[in-house]
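Chemist: Starting off with a structure, shown below.
The values are calculated or read from the model by the stated rules, or taken from the named source; none is laboratory data. This structure is a prediction, so every number in the text was calculated from the model and none was measured. Note: ideal-geometry Cβ built from the backbone for every residue, glycine included; neighbour counts use all protein chains shown. Heads up: the accessible areas ignore ligands, DNA and RNA and are worked out on the full protein's heavy atoms, side chains in. Shrake-Rupley method; radii C 1.70, N 1.55, O 1.52, S 1.80 Å.
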Amino acid sequence: MKREAGFIMAGILGIAASAGVSFVTGNIWAGLFTVLFISLIYLIWLDRKVIQSIESAPQKTAIRVLIVLLVFVQFFGAYLTYSRSQITENNLVQIRTNIDEGISKIRTQEVLLETLKHHASLPEDASATIASSFRQIMGDKLNDDGSIDLSESGVETDIHFEYKIISPEKVSITASAKIAHGRNSDFVNVSSQTGKYQAVATLTPNGISYEREN
């Protein structure tokens, strides 16, 4: 009896230790599949050490069938849980991308539309350009490093904005998300991150265009 209890205790300790993989890697699935793998090895070992010694053939077969069914149910359940979690994760990523895309469009087009309205309101003989109107409208929100402050008080968007004066009559604002994923995981964003959503809004005398870059 002591021998069997020792085998059971060893299995419990082994599974508990393998669960610590989640804490080390920061990935819950790594811990789960490690536990399943260790459990499978333990059951095979248990079969060789304990079940093999049972004299009754029917009892031995029944226990092995039960173990096989248990293993199948656990692995199939883990697979279903993982698949569902991946679907949920992908849906959440897409929702976040849609949100950041909407915010990016609203913020950039709002600024550029205000610039265009201001430029159109100037006298026809004025020497003002799209670029000068943009600088006048944005004022101290334009930073020397090329970034532009489009944040709202008390609202966190996790989007980095940069502006570029392409020519006297052409200005662009690039929006780079910090969380939302883009289409290409290797794409290098203007924020120096990789694989995130990015789009650019461009203003010319003909109007505003918005193009997704990643």
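Chemist: Check each of the GluC sites (Glu not before Pro) in the stretch 97-146 and keep only those in coil by DSSP with at most 12 other C-beta atoms within 10 angstrom; list them in order. Don't skip to the answer; put the middle values down first.
Modeler: Values: sites: GLU101, GLU110, GLU114, GLU124; in loops: GLU124.
Sites meeting the loop and neighbour criteria: GLU124.
Chemist: Related question: Name the long-range amide H neighbours of ALA180: under 5 Å, sequence gap of 5 or more, or other chain; modelled H, no Pro or chain starts.
Modeler: TYR197
Chemist: What residues qualify as long-range amide H neighbours of PHE187, i.e. H under 5 Å apart, gap of 5 or more or another chain, H built at 1.01 Å from N?
Modeler: Counting only residues 5 or more places away or on other chains, the set is GLY195.
Chemist: Leaving ligands, DNA and RNA out of it, report the carbon-plus-sulfur percent of the accessible area of the stretch 69-214 at a 1.4 Å probe. Each step should come with its number before you reach the end.
Modeler: On the way: 4490 of 8820 Å².
For the stretch 69-214, the apolar C and S fraction of the accessible surface comes to 51 percent.
Chemist: Computed FRET efficiency, Cβ-Cβ of ASN143 and ILE87, R0 41 Å: what is it to the nearest 0.05? Present the calculation step by step, with values, prior to reporting the outcome.
Modeler: Numbers: r = 41 Å, r/R0 = 0.99.
For R0 = 41 Å, the calculated efficiency reads 0.50.
Chemist: If I take R0 = 30 Å and measure r between the Cβ atoms of LEU80 and ASP186 in this structure, what FRET efficiency does the formula 1/(1 + (r/R0)^6) give, to the nearest 0.05?
Modeler: 0.40
Chemist: Got a sec? Which residues in the stretch 197-214 would a label at ALA120 touch, if it sits 7 Å along Cα→Cβ and we count backbone N under 14 Å?
Modeler: Of the residues in the stretch 197-214, 204-209 have backbone N under 14 Å from the label point off ALA120.
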